[in-house]
1. Filter the range 28-51 for residues that are of a type in the set (A, V, I, L, M, F, W, C) and in contact with a Phe, Trp or Tyr (Cβ under 7 Å, 6 or more places away or on another chain) and give the result.
2. Starting from residues that are of a type in the set (Ser, Thr, Tyr) and under 27 Å from the mean Cα position of the chain (by Cα), keep the ones in the range 8-57 and report whichever is nearest to residue 68 (Cα to Cα).
3. Out of all the residues in the range 45-60, is one or more closer than 20 Å to residue 76 by Cα, in a helix (DSSP H, G or I) and either out of contact with any strand residue (DSSP E or B) (no Cβ under 6 Å at 6 or more places or on another chain) or assigned by TED's automatic domain parsing to the domain that holds residue 76 (or both)?
Amino acid sequence: MAEIGSISSDIKILQEKSMDMGLKLKNRKVAESKLAKFVEDIIVPPRMVDIIVDGEVNEEYMRTLEILSKKLKFVEVEPMLKLQKL
């Protein structure tokens, strides 16, 4: 009988660990998603650099400058948001 109680206790412990691991996984996925979005918002891909540095001044060039401008504004605003949270 004590063996059944021990097994029941082990199962309960494993269930709690499983739930804890599930929560940690969920939190990591949320963090990964937010980090991926942040990185996408701040990186300047090589193609964008090529267009700005070597590209002909045309419609694509202007669109690329607009995207770069948005990225720069985001980088300028992001530290301000962090300061507001303090």
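The values are calculated or read from the model by the stated rules, or taken from the named source; none is laboratory data. On a predicted model such as this, the values are computed, not experimentally measured, just so you know. In this analysis, Cβ positions are derived from the backbone assuming ideal geometry, glycine residues included, and neighbour counts consider all displayed protein chains.
1. 42, 51
2. So the first thing to find is which residues in the range 8-57 are of a type in the set (Ser, Thr, Tyr), and the list is 8-9, 18, 33.
Imposing the further condition that a residue be under 27 Å from the mean Cα position of the chain (by Cα) reduces the set to 18, 33.
Working: 18: 44, 33: 22 Å.
In this case the residue turns out to be 33.
3. yes
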